[in-house]
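Have a look at the structure below, then the notes.
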Amino acid sequence: MNILMLTAYPPVLHMHGGGVRMYHNIRILSRRHRVRVISFVENDEDRERLAAVGDICEAVTAVRRVPDFRPHWLSLNPFLVREFSTPEMYCAVDDEFRSGRVDVLQCEYLQMAQFRRPGTFSILTAHEAVSRNYWEAFARDRFSGDGARRFYRWMQMMRYEVLETRKFDRVVTMTAEDASYLKSYSPSANIRAIPIGIDLDHFTPFAADGNRPVEVVFVGNFRHSPNVEAASFLVRYIAPRFPEVKFNFPGSHAPPEWIGGANVSFPGYIAETRDLYRRPNTIVMAPLFSGTGQRVKLLEAFGMACPVVTTPVGAMGFPIRNGEEAIIASTPDEFSAALQRLLMSADLRRKLGEQARRMIEERFGWECLAEDLLGVVEEAAVSG
């Protein structure tokens, strides 16, 4: 079949979690089908990275995203729609449909739902439950001066997400929690969860090195507010309690005003995140309190057999048993207690890492997920 995939961001490795998911989805679909990709890019660097996707599919086209920042006071649609409504993308999609080469349209991210075409089998990959994120933002600030504005944005986003979700033949989420949330508003919609996978050969644990100093790591793109919250939590509440432990925060767009103690480091973007995870003495702490979807940073840490401490929100999408594959914590005292336990016991660090690696091998290798990803697309032949 001919599959046209539209992506809100470049579907490339080493950039963000969504890019990893999209790259491997394209690679897997291309085994049996002809896949053409049209992706938004923000700059020339994105365009250069995107060229590598041409090696795993039939064709890839880059479209420079030009957001519409004009005020639209009476619009019922959220800004997310105008942010991605670049006319050049509409033209590129129209050209593909006029060519008659589209049997399946797959839209990656809610931002791309506006480019759906009636009459063609369509799939929406919902990397997050976006309206749930907006609800959380409203719930945090409902009694502030910003409460009314956040309520209006939540209502805008919920209306749009629900209506668009119902238009697609299939909707794929990253976690069962997100699927259940979307299904609660659209019970007749065909919604299922297919998690993000990991390249088990690439993310293979390094030989254990017990002589390395123990350090805490949190990886994130700091444009993403849940990552900002998590890093701020660690810098403010946890790092000062453990002055002898280094806290390392690799990731792009760290705010320049973030200055922690002498044990806090923000090294910036790291292309090869695998090198950060040195078991058993790299402890990954992810105090994620908001956001939806699945965390690739934890997939990688689990795959590299490193001990992880995270929240119930961070654990979404993983069959984690507290104290077995990871430690679950919610408060500063709980995170501090978990870190103290791990610092005192190399055996506990090894045990958590080994069981986490086993979970990843059994459930999250791309080969385990390949037939699910192919199956969604191939339902088009049955329905047609």
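The values are calculated or read from the model by the stated rules, or taken from the named source; none is laboratory data. Given the structure is predicted, the values throughout are model-derived calculations rather than measurements. Every residue, glycine among them, receives a Cβ derived from its backbone with ideal geometry; neighbour counts consider all protein chains shown. All accessible areas refer to the heavy atoms of the entire protein, side chains included, with ligands and DNA or RNA removed. Shrake-Rupley method; radii C 1.70, N 1.55, O 1.52, S 1.80 Å.
With respect to the stated conditions, Asp68 is among the acidic types (Asp, Glu) and touching a Lys or Arg at 6+ places or on another chain (Cβ under 6 Å). Counting only strands (runs of 3 or more DSSP E) that sit completely within the stretch 264-379, those holding 3 or more residues that are over 25 Å from Arg21 (Cβ atoms) and out of contact with any His (no Cβ under 7 Å at 6 or more places or on another chain) correspond to 264-268. In the stretch 63-78 there is no residue that is more than 26 Å from Tyr134 (Cβ to Cβ), modelled with pLDDT of 95 or more and part of a helix (DSSP H, G or I). With respect to (1) open to solvent by less than 40 Å² (accessible area, probe 1.4 Å); (2) out of contact with any helix residue (DSSP H, G or I) (no Cβ under 7 Å at 6 or more places or on another chain); (3) of a type in the set (S, T, N, Q), the lone exception for Asn322 is condition (1). What are the residues in the stretch 325-339 that are surrounded by fewer than 18 Cβ atoms within 10 Å (Cβ to Cβ), touching a residue at least 12 places away in the same chain (Cβ under 8 Å) and more than 23 Å from the chain's Cα centre (by Cα), if any? Answer for the stretch 325-339, where residues must be surrounded by fewer than 18 Cβ atoms within 10 Å (Cβ to Cβ), touching a residue at least 12 places away in the same chain (Cβ under 8 Å) and more than 23 Å from the chain's Cα centre (by Cα): Pro332, Ser336. For Val245, the conditions (1) of a type outside the set (Phe, Trp, Tyr); (2) at pLDDT 90 or above; (3) open to solvent by less than 30 Å² (accessible area, probe 1.4 Å); (4) closer than 23 Å to Arg363 by Cα all hold with the exception of (4). Applying the condition of being of a type in the set (D, E, K, R) and within 17 Å of Ser186 (Cα to Cα) to the stretch 124-146 and asking which residue is nearest to the chain's Cα centre (by Cα) yields Glu128.
In the set (1) out of contact with any Asp or Glu (no Cβ under 9 Å at 6 or more places or on another chain); (2) part of a helix (DSSP H, G or I); (3) closer than 27 Å to Met112 by Cα, Val235 fails one condition alone, (3).
Filtering the stretch 136-192 to residues that are in a helix (DSSP H, G or I), open to solvent by 10 Å² or more (accessible area, probe 1.4 Å), charged (D, E, K, R) and under 30 Å from Val377 (Cα atoms) leaves Arg159, Glu164, Arg166, Lys167, Glu177, Lys183. Every condition in (1) part of a helix (DSSP H, G or I); (2) buried (at least 19 other Cβ atoms within 10 Å of the Cβ) holds for Val37 except the one numbered (1). Does Phe222 satisfy the condition of being of a type outside the set (Ser, Thr, Tyr) and either surrounded by fewer than 18 Cβ atoms within 10 Å (Cβ to Cβ) or at pLDDT below 95 (or both)? Criteria met by Phe222. Would a scan of the stretch 269-278 turn up a residue that is open to solvent by 10 Å² or more (accessible area, probe 1.4 Å), without any contact (Cβ under 8 Å) to a residue 24 or more places away in the chain and within 16 Å of Ala231 (Cβ to Cβ)? Yes - at least one qualifying residue is present in the stretch 269-278.
The single condition among (1) of a type outside the set (Asp, Glu); (2) touching a Ser or Thr at 6+ places or on another chain (Cβ under 8 Å); (3) at pLDDT 95 or above that Met5 does not satisfy is (2).
With respect to Ala59, determine if the residue is open to solvent by less than 60 Å² (accessible area, probe 1.4 Å) and either among the aliphatic types (A, V, I, L, M) or under 20 Å from the mean Cα position of the chain (by Cα) (or both). Taking the combined requirement at face value, the residue satisfies it. Scan Pro256, Pro195, Pro213 and give me the residue that is closer than 21 Å to Ser290 by Cβ and part of a loop (DSSP other than H, G, I, E, B). Unique residue meeting the criteria: Pro195.
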